[in-house]
1. What net charge is computed for the residues neighbouring V178, neighbours being all others with C-beta under 14 Å from the C-beta of V178, Lys and Arg scored +1, Asp and Glu -1?
2. Go through E79, E108 and list them by solvent-accessible area, largest first, probe radius 1.4 Å.
3. Per-residue accessible area for F87 at 1.4 Å probe radius, Å² rounded to 10?
4. Can you list residues from other chains, or at least 5 along the same chain, whose modelled amide H is less than 5 Å from the amide H of D78?
5. Working with all protein chains in place, sort D63, D84 by solvent-accessible area computed with a 1.4 Å probe, largest first.
6. Give, as a single signed number, the net charge of other residues whose beta carbon lies under 10 Å from the beta carbon of G210, with Lys and Arg counted +1 and Asp and Glu -1.
7. Mind listing the phi-derived Karplus ³J(HN,Hα) values for the range 63-68, rounded to whole Hz, using 6.51, -1.76 and 1.60 with θ = phi - 60°, and x for any glycine or proline?
8. Excluding ligands and nucleic acids, what accessible area in Å² is computed for E139 using a 1.4 Å probe, to the nearest 10?
Amino acid sequence: QSVFSLTSSSRLDVAIRCTADTDIRVRSSTVATIHVDSGGTTTTSATPFTGPGHDESWTYVQDLTGVAVDNRWTIHVDETNINDARFAQREPLCDENGADFDYMSVQEWTIRGANTHPLHVHTYPMQVISDCGDHEDGEFYDTIVTSKNLPSTPASSSSSSSLSSYHHSSHAKCKVRVKLIDVAGPVLIHCHIFQHAEQGAMGWMNVVGGPVQPNEPRVHHCPDGSLDCDPVPPPLPLCS
């Protein structure tokens, strides 16, 4: 594959194999040039992958399409909230059962509202399962934009109540899978339009039962370099 489509507020990781000098272009503009050493190998079988697009040593991007799902969750992202809740520092997002999210679990999430509010998840890549616009089924992304799933507004009405009902409806049916692997703790989720995140379209969830990074010492430092002048922040609350 030599041409990739990117949606707004998205990023792309690619592995490139070249047998000659080549340019990388975005909208016909060259953004990078790769120079190939003439003394290198020219084998066409060299690849960083052991499967179709996924390195088995990269456990956080192992194929999830054929595995059992441990938990399902619907994420509705709006201009000022996620799942009708504005960002609160000490109020986590909870799953459909009001619980936290288990470490090493395979999650299947239905994403709604991301046609106008790109959904960005920290820490864990999302594998597209179906109906996620320009995103390729089976590939991993950290930001989802469902630009082709549904129009920005329902044809019949543009009232706020109609919009809310429409974005919660089955019209927006992008499904992704996520394996909560490698590290646990709080994970940030937000609209990738910065202004909307600042307005409240941001939240965090607890991944529980796995290794976590220590809270201290991290950013709490005294002018003299010691760690005694700032209070240790209290533990973040759990859903249950």
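The values are calculated or read from the model by the stated rules, or taken from the named source; none is laboratory data. For clarity, every value in this text was computed on a predicted model and none was experimentally measured. Glycine gets a Cβ as well: all are built from the backbone with ideal geometry, and neighbour counts include every protein chain shown. We work out accessible area using only protein heavy atoms, side chains counted, and drop any ligands, DNA or RNA first. Shrake-Rupley method; radii C 1.70, N 1.55, O 1.52, S 1.80 Å.
1. Local net charge: -4.
2. Most to least solvent-accessible, the answer reads E79, E108.
3. Spelled out: F87, probe radius 1.4 Å, area about 80 Å².
4. Correct list: N83.
5. Solvent-accessible surface, decreasing: D84, D63.
6. Charge balance near G210 sits at -2.
7. Taking θ as phi minus 60°, the curve returns 4, 10, 5, x, 9, 6 Hz for the range 63-68.
8. For E139, the solvent-accessible surface is approximately 60 Å².
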